[in-house]
1. Report, by residue number, each residue of segment 1-41 that is of a type in the set (A, V, I, L, M, F, W, C), surrounded by fewer than 24 Cβ atoms within 10 Å (Cβ to Cβ) and either in contact with a helix residue (DSSP H, G or I) (Cβ under 8 Å, 6 or more places away or on another chain) or at pLDDT below 95 (or both).
2. Just for segment 118-138: of the residues that are out of contact with any strand residue (DSSP E or B) (no Cβ under 9 Å at 6 or more places or on another chain) and part of a helix (DSSP H, G or I), which one is nearest to residue 180 (Cα to Cα)?
3. Scan segment 197-208 and give yes if some residue there is touching a helix residue (DSSP H, G or I) at 6+ places or on another chain (Cβ under 7 Å), surrounded by 16 or more Cβ atoms within 10 Å (Cβ to Cβ) and under 24 Å from residue 118 (Cβ atoms), otherwise no.
4. Can you pull out the residues in segment 225-238 that are buried (at least 22 other Cβ atoms within 10 Å of the Cβ) and either on the phi > 0 side of the Ramachandran plot or touching a strand residue (DSSP E or B) at 6+ places or on another chain (Cβ under 6 Å) (or both)?
5. Return the residue satisfying two criteria in turn: it lies in segment 148-169 and is surrounded by fewer than 21 Cβ atoms within 10 Å (Cβ to Cβ) and of a type in the set (Val, Ile, Thr), and of such residues it is nearest to the chain's Cα centre (by Cα).
6. Inspect segment 195-206 for any residue being in contact with a strand residue (DSSP E or B) (Cβ under 9 Å, 6 or more places away or on another chain) and in contact (Cβ under 8 Å) with a residue 24 or more places away in the chain and give the result as yes or no.
7. Could you check segment 184-253 for helices (runs of 4 or more DSSP H) lying wholly inside it with 3 or more residues that are under 22 Å from residue 29 (Cα atoms)?
8. What's the number of the only condition in (1) without any contact (Cβ under 8 Å) to a residue 40 or more places away in the chain; (2) closer than 19 Å to residue 119 by Cβ; (3) not in a helix (DSSP H, G or I) that residue 172 fails to meet?
Amino acid sequence: MRIKDQIAYVTGGASGLGEGTARELAASGAKVAILDLQAERGQAVAAELGGHFAECDVSDEASTEAALAACEAALGAPRILINCAGIGPAQKTTSRGRPHDLALFDKVIRVNLIGTFNVTRLVATTMVALEPMENGERGVVINTASVAAYDGQIGQVAYAASKGGIVGMTLPIARDLADQGVRVVTIAPGIFETPLLATLPDPVKESLAQSVPFPKKLGQPDEYAALARHIVENVMLNGETIRLDGAIRMAPR
C-alpha cells in the first residue's frame, strides 16, 4: 500500500512507539489520527503533524466508538491502523504471602489484549466497506506484542499473557479478514526506549542494552516505525508476528 494520502489511526500515539510511528507515517504523507489517554501530549503531537487527536480508552467500548467516530469525522475512514496502546505493570504470581492482585491482572489483559481486539474489530468493520485498491487491498492492521509473549520474565505474568494473546490472535484475525483484503501483522519488540523504560536509572538501561546480542543498544521508536512502514508497504506481509529485538532472548530476570 502506498502510504501517501492514506488515513492512519494510531492508538497510544502520544508517546513511545506509537508517537514514533505516527511521525513516520505523517512524514510519508499519511493523514494521522492519534488515539490516547494523554490528552495534552496527544493534542500537541497531532497538531504538529497536522492530524487529529481523540481521547480514547481502548479497553472501553463506548470510549473507543466515540473516539473512532470523531477521527472519521475529522479525517475520514482509515486504511491503516497501528495498535500501540498498552501498559506493563509487574507483579509475581504470589509474593510474600500475597497472591497477584486479580484486578491488576484483569486491567492489563483489558488494556493490552482486549483493547487491541476492540479497536481492531471496529476499524476492520470500517475498512472492509472501503473500495479495494491495488491487489484487492482495503487496509492493514499492525498490532504490538512483545518478546515477553515468548520470554516472559519474573513478574511479567500479566504482561506476557496479554502479549501472548495478541500473538495468538494475529493469524485468526488475518484469516477472518483475508477475503476482504485487510492484512494483519504483529510486531514483537524487544527492549525499546519508551516512557516506561525512561524511568530506570542510566546504569540499569546500559545493562539492558548490553544484554542485546547485536546491536548492543536499546531499540528506538523510529526503528519500530520503520518496520511498521515497511509492513504497510509490503502487501505480502500478512498473518505473521515479527520479532524486532536484536536477537535477544530474555533471561528469567
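1. Step one: of segment 1-41, the residues of a type in the set (A, V, I, L, M, F, W, C) are 1, 3, 7-8, 10, 14, 17, 22, 25-27, 30, 32-35, 37, 39.
Now narrow it down to the ones that are surrounded by fewer than 24 Cβ atoms within 10 Å (Cβ to Cβ): 1, 3, 7, 26-27, 37, 39.
Scanning segment 1-41 gives 1, 3, 26.
2. Here the residue is 136.
3. No - not one qualifying residue is present in segment 197-208.
4. Residues satisfying the conditions are 228, 231, 232.
5. Taking the candidates together, the pick is 167.
6. Start the filter on segment 195-206 by keeping residues that are in contact with a strand residue (DSSP E or B) (Cβ under 9 Å, 6 or more places away or on another chain), which leaves none.
For segment 195-206, residues in contact with a strand residue (DSSP E or B) (Cβ under 9 Å, 6 or more places away or on another chain) and in contact (Cβ under 8 Å) with a residue 24 or more places away in the chain: absent.
7. In segment 184-253, 221-233 are the helices (runs of 4 or more DSSP H) which contain 3 or more residues that are under 22 Å from residue 29 (Cα atoms).
8. Just one mismatch for residue 172, condition (3).
The values are calculated or read from the model by the stated rules, or taken from the named source; none is laboratory data. For clarity, every value in this text was computed on a predicted model and none was experimentally measured. A quick note on method: Cβ atoms are made from the backbone with ideal geometry, for glycine too, and the neighbour counts reach across all protein chains shown.
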